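The values are calculated or read from the model by the stated rules, or taken from the named source; none is laboratory data. Keep in mind it's a predicted model, so treat the numbers as computed, not measured. All Cβ positions, even for glycine, are placed from backbone atoms using ideal geometry, and neighbour counts span all protein chains on display.
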Amino acid sequence: MKKRDFIKRLGQAALAAPLLSFRSEASNSANLGGYDFVDEEAFWERIRNDYTLKPAYINLENGYYNIIPKPTLQKFIEHVGRVNYEGSYYMRTEQWDNKKQVGTRLAKMVGCSNEELILTRNATESLDMVITGYPWQKGDEAIMAEQDYGSMLDQFGLAAKRYGIENRIISVPNHPTSDEEIVGLYKAMITPKTKLIMVCHMINITGQILPIRKICDMAHEHGVEVLVDGAHCIGHFEVNIDELHCDYYASSLHKWLSTPLGAGMLYVRTERIATVWPLLADSIKDPGNIFRLNHTGTHPVHTDLTINDAIDYLEIIGMERKENRLRYLQRYWSDQLREVKNIVVNTPIEEHRSCGIANVGISHMKPADVAKTLLDEFQVFTVAIDSANVHGCRISPNVYTTTQELDHFVNAMKELAGRV
């Protein structure tokens with residue numbers, strides 16, 4: 001086929017189906033058949049076959065970026081081809097409607113109104129928009145934890161310099177005795193000057209899930225708003241934003257929803273929209289319209305389109321089924337290591353306080369040395385954490401991870417723990 005004919009056919013196909021789901025095509029793209037398995041392990045083996053995995057190491061660092069399964073990747077490539085083929089025509093005619101369509105579907109998935117949610121590039125952008133766009137007055141106070149993501153703490157530092165606010169920092173225990181202990185830590189920091197609490201839905205360095213609804217209800221009783229960092233939550237476990245009662249919620253979709261890099265979201269409760277200052281100016285002037293916060297300039301719109309396909313793939317698995325699997329994998333390895341001499345698990349043992357992520361260290365080794373040795377000697381890739389009362393490696397399996405791979409990791413940790 002001539003190159004000109006190929007490009008012409010590619011464009012015709014894309015025009016005919018700009019936002020088609022790959023659901024009916026996923027099995028054909030992988031040539032592996034469907035997903036109907038009675039046996040649970042056979043199902044997850046089928047899911048594993050949807051991933052191209054680098055054989056040089058076992059990847060237990062999926063928390064930074066979840067690689068894209070092949071069916072979603074194929075759709076992403078098709079979207080790139082279509083946008084590149086149509087160029088300015090697509091950008092001037094269809095991109096806005098398609099973006100709103102994807103946003104509406106995502107809003108339904110996360111349990112909020114589509115008029116309270118915008119697509120961003122990542123959780124950092126979403127959170128920073130609120131942190132520096134909040135209507136601060138000199139002397140106002142914000143509360144956060146030392147276990148929060150470093151970039152957010154840095155942004156609050158900039159806000160303090162710019163607006164003259166005071167940042168009050170707590171420390172979340174790795175093993176809390178109760179929800180009330182955690183809520184009490186935030187409550188104890190509130191003063192008449194407190195305006196905003198930032199809190200992680202899931203602490204990224206330990207995987208601990210915090211009692212967001214209880215924190216929000218407590219804060220609102222004191223007239224304080226709550227910004228939730230849910231970077232690791234959407235696509236990881238069931239999230240219903242309306243039920244959390246928060247004022248703002250941000251997430252990165254390239255993590256557990258497995259979109260291409262550069263996709264995030266920001267929720268702003270309706271009555272808070274007008275008070276947030278945009279990151280970039282927009283032609284929309286209505287202060288109550290959330291889309292005035294969504295000016296991005298020209299950016300890779302094919303990433304936005306692929307959010308739709310990532311949701312399709314998640315629905316093939318099922319959110320509840322995925323959540324259960326991720327929790328099972330985490331408990332599979334962490335339960336084996338909790339009572340091993342010289343090993344410290346930095347994630348709560350209660351099942352509802354974690355899901356797929358946990359953190360583990362060795363008492364006589366620096367986390368960086370553990371991570372390096374795991375990779376160099378045992379071909380296990382992970383990430384070292386050595387701050388905020390957390391000293392260990394974050395372990396984040398994915399849906400393609402096998403129990404055999406986790407057995408290898410567990411044995412490696414036991415061997416390192418015995419090297420005294």
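Only one of the listed residues (Lys54, Lys100) is more than 30 Å from Leu227 (Cβ to Cβ) and not hydroxyl-bearing (Ser, Thr, Tyr). That residue is Lys54. Within the range 375-386, residues that are free of Cβ contacts under 8 Å to residues at least 40 places away in the same chain reach partners that are in a loop (DSSP other than H, G, I, E, B) with beta carbons closer than 8 Å, at six or more positions or on different chains, in the pairs Ala384/Lys366; Asp386/Lys366. Sort out which residues of the range 356-366 are outside any strand (DSSP E or B) and either surrounded by 23 or more Cβ atoms within 10 Å (Cβ to Cβ) or assigned by TED's automatic domain parsing to the domain that holds Ser178 (or both), and write them in order of number. Of everything in the range 356-366, those that are outside any strand (DSSP E or B) and either surrounded by 23 or more Cβ atoms within 10 Å (Cβ to Cβ) or assigned by TED's automatic domain parsing to the domain that holds Ser178 (or both) turn out to be Gly356, Ile357.
Across the range 62-72, the qualifying residues are those that are surrounded by 20 or more Cβ atoms within 10 Å (Cβ to Cβ) and not in a loop (DSSP other than H, G, I, E, B), and the one among them that is nearest to the chain's Cα centre (by Cα) is Thr72. Among the residues of the range 197-224, the one identified as touching a Phe, Trp or Tyr at 6+ places or on another chain (Cβ under 9 Å), closer than 24 Å to Gly133 by Cβ, assigned to a helix (DSSP H, G or I) and not β-branched (Val, Ile, Thr) is Ala219. Can you find, within the range 302-320, the residue that is nearest to Glu86 (Cα to Cα) among those that are within 17 Å of the chain's Cα centre (by Cα) and of a type in the set (A, V, I, L, M)? Filtering the range 302-320 for residues that are within 17 Å of the chain's Cα centre (by Cα) and of a type in the set (A, V, I, L, M), the one nearest to Glu86 (Cα to Cα) comes out as Ile307.
Only one entry of Val224, Val228, Val183 meets the criterion of being closer than 25 Å to Tyr65 by Cβ, crowded, with 18+ Cβ neighbours inside 10 Å and of a type outside the set (Asp, Glu), and that entry is Val228. For the range 146-196: of the residues being of a type in the set (Asp, Glu) and in a helix (DSSP H, G or I), which is farthest from Val390 (Cα to Cα)? Going through the qualifying residues, I end up with Glu180. Condition check: under 21 Å from Gly150 (Cβ atoms), in contact (Cβ under 8 Å) with a residue 24 or more places away in the chain and surrounded by 19 or more Cβ atoms within 10 Å (Cβ to Cβ). Does Tyr267 satisfy that? When the stated conditions are applied, Tyr267 does not pass them.
Here is a yes/no grid of residues against (1) surrounded by fewer than 16 Cβ atoms within 10 Å (Cβ to Cβ); (2) under 16 Å from Tyr249 (Cβ atoms); (3) charged (D, E, K, R); (4) free of Cβ contacts under 8 Å to residues at least 60 places away in the same chain:
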position	(1), (2), (3), (4)
Ala123	no, yes, no, no
Asp128	no, yes, yes, no
Thr132	no, no, no, no
Gln137	yes, no, no, yes
Asp140	no, no, yes, yes
Asp148	no, yes, yes, no
Leu153	no, no, no, yes
Leu158	yes, no, no, yes
Lys161	yes, no, yes, yes
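Of the residues making up the range 390-406, not a single one is assigned by TED's automatic domain parsing to the domain that holds Leu326, surrounded by fewer than 15 Cβ atoms within 10 Å (Cβ to Cβ) and not in a helix (DSSP H, G or I). In the condition set (1) in contact with an Asp or Glu (Cβ under 8 Å, 6 or more places away or on another chain); (2) crowded, with 17+ Cβ neighbours inside 10 Å, Gly111 is compliant with all but (2). Between Arg353, Arg419, Arg338, the distinction of being among the basic types (Lys, Arg) and buried (at least 16 other Cβ atoms within 10 Å of the Cβ) belongs to Arg353 only. Looking only at residues of the range 307-335 that are polar (S, T, N, Q) and surrounded by 20 or more Cβ atoms within 10 Å (Cβ to Cβ), we find that the one that is nearest to Lys99 (Cα to Cα) is Asn308.
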